[in-house]
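Bear in mind that the values in this text are calculations on the coordinates, not laboratory data. Everything numeric in this text was worked out from a predicted model, so none of it was measured. Note that each Cβ is placed from the backbone with ideal geometry, even for glycine, and that neighbours are counted across all protein chains shown.
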Amino acid sequence: MKPRLDGRRAALAAALLALALVPAVADEFYVVLFTKILVLGIFAMSLDLLVGYTGLPSLGHAAYFGAAAYAAMVLAPESAPANLLLTLPASVLVAALLALATGALAVRTAGMYFIMVTLAFGQMAYFAVHDSPYLGGSDGKLLFARPVVAFGGAAILDFAEPQVYYLLVLACLAGSYGILRAVVQSPFGRVIQGIRVNEARMQALGYATYRYKLASFAIGGAFAGLAGYLAAYQAEYVNPKLLGWQESGLALVMVILGGVGTLHGAVLGSAAIVLLQEFFSELTSHWMLLLGLFIVGSVIWLPHGIVGIRAWARRARTR
Amino acid sequence: MDISFYVIQALNGIQYGFLLFLVASGLTLVFGVMGIINLAHGSFFMMGAYLALWLARHTGSLFSALPIALLFATAVAFLAERLAFRHLYRRRHLDHVLLTYGFILIFNELQRILWGNDVHSVPAPDLLAGSIPLTATQSYPVYRIFISIVCLGVAFGLAVAIRSTRFGMAIRAGVVNREMVEALGIDTNKLFAAVFCLGAGLAAFAGMIAAPVEAVYPGIGETFLIVSFVVVVIGGIGSLRGAFVGAMAIGLADAFGKALMPQFAGIGIYAVMAALLLWRPQGLFGEKQA
């Protein structure tokens, strides 16, 4: 057990180091592309906590992603950069509170009901933003500039450069991974995984499963919010599509494609989808058709996602 | 606001509710019998609407377009079930979501390739293009009443078929206990294909007759799909009666919501759903923990 764990640590450290070197070796185009992968990677990881560990297949997760993006927009000054140290925690808090409020209702349901209820709440959030002239309606709104880290009125770190912003996103991804990994390995994490396998048994053991599910839902919402904040400032633009069900669906596709219940699989899924989108859109303007065919094919032939490819290849060899 | 205002809103709500019922009944049957969550169900609605648009232009009449489009949509559903869905019956709900999400992307892009991004309108058939005067200034289009009557007929036929045919009996049994149906010697392979085609056919039919009152636009499938989800959640999975009550509740809530509180029109129906879930998490007619 121990050497395997160390091997995994080493692989993780190597992956992080390689990612940190991207701005040093690659064009700005790739830096921006990788920023997108990492932002959606955080988003997909936050969903994996719900889907893969707690057994809550949410189809409305983009509501929290988008809520934090809009919070970032509302909190940003009209014509000056916002202070990251204030607006980032505040935006994450908005997402977490929204997840707590909607989750309080949603986690009362299970299975297919849960999928549909989260979808409905996601659409509710979408229309709330879409129909609000104050938030920019269907057009969305521009953000003035990337945020800065400021202490006592003096900006000490500026994220206007895409390379610097990339490193911020990478640090957030590493931090999120570390925290989520710690969460799923904690006693709390054991309980939510127990709920996924057999909720009735956990109840019989005396756990108030509702509270655990709700807490997990809110944590997932908070990290989706972190990703949403970063996404808003990457594009320096927010629009209602950030909360739409397509966004939720795509995150779910990333999680399932990467491999459910692994955390790092979610990041791989995000990379696969973003790179495929890029690759297919080079080929044809009808890239969604190719992506759809790819998804249909992969779900039929690749039931355990990207992280399952190794086991799949091993089986194929021995056959 | 006089009485005719309420009459018009009620008629609109009922007509919208009937369309929702046709879409939601297929959704709830496919859920109930096959255990499949089909996000691509709305795509069949969209397919119906666009086929109605295209065939009505070529054949000159919506009525002659109806059977061709219905046959085509059912054939597509049959192919999708045989080639893809069949492999996933024993898999997790998550895989169903993934598969059907992929199908949505495919269907939406095909729609864009064939018909583009424009919003189209389909004229009502000449025979039904008129209006019935209600008061001196207000009237009500005949076509909307026609939709309600046709849907009522379909709903009635569906209810009779489910209640008193052998096929209907297998469906009802499948909702209660799928394994038992298999054990009793009913070929679930055929049953599933039939239920899937029935559901898709109902959705496509709804799309076709809805085309003249709803504009035909990209994304129309998802709009109806998501509202149908709300209907199914309210009614309870697998319950046709639930789907009917839910569809009428949402149809009326939507019509009166838009007319009386337009600023909350978008979120109104979701608020209705949230309120109901507080009271009954398994829906009105659902079994506990479906």
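Below is a table of values for the structure above.
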{"read-out": "Stokes-Einstein translational diffusion, segment B:143-277 - Kirkwood Rh over all Cα pairs, 0.692 mPa s, 37 °C, in µm²/s", "value": "196 µm²/s"}
{"read-out": "Exposure proxy order (Cβ contacts within 10 Å, fewest to most) of A:M254, B:M180, A:M288", "value": "B:M180, A:M288, A:M254"}
{"read-out": "For chain A, alpha-carbon Rg relative to the globular expectation (2.2 N^0.38 Å, N residues)", "value": "1.00"}
{"read-out": "Cα gyration tensor, segment B:93-155 - rounded (a/c under 1.5), prolate or oblate", "value": "prolate"}
{"read-out": "Under 15 Å from A:K213, Cα to Cα: aspartates and glutamates that are on another chain or at least 8 residues apart", "value": "A:D48, A:E199"}
{"read-out": "GluC sites (Glu not before Pro) restricted to DSSP loop in segment A:214-319 with at most 15 other C-beta within 10 Å", "value": "A:E236"}
{"read-out": "Residues with amide H under 5 Å from that of A:S132, placed H, sequence gap 5 or more", "value": "A:G137"}
{"read-out": "DSSP H segments from chain A that extend 30 Å or more along their own axis, Cα-based, with Kyte-Doolittle mean of -1.0 or above", "value": "A:84-106, A:162-185, A:209-235"}
{"read-out": "Vicinal HN-Hα couplings computed from phi for segment A:140-154 (Karplus, 6.51 cos²θ - 1.76 cosθ + 1.60; Hz; Gly/Pro x)", "value": "x, 9, 8, 9, 5, 7, 4, x, 10, 8, 10, 10, x, x, 9"}
{"read-out": "For the protein assembly as shown, the fraction of alpha-carbon pairs in successive 10 Å shells from zero, as %", "value": "3, 16, 26, 26, 17, 8, 3, 0, 0"}
{"read-out": "Long-range amide H partners of B:Y140 with built H, under 5 Å", "value": "B:I132, B:L134"}
{"read-out": "Convex hull volume of segment B:3-279 per residue (C-alpha atoms, cubic angstrom)", "value": "142 Å³"}
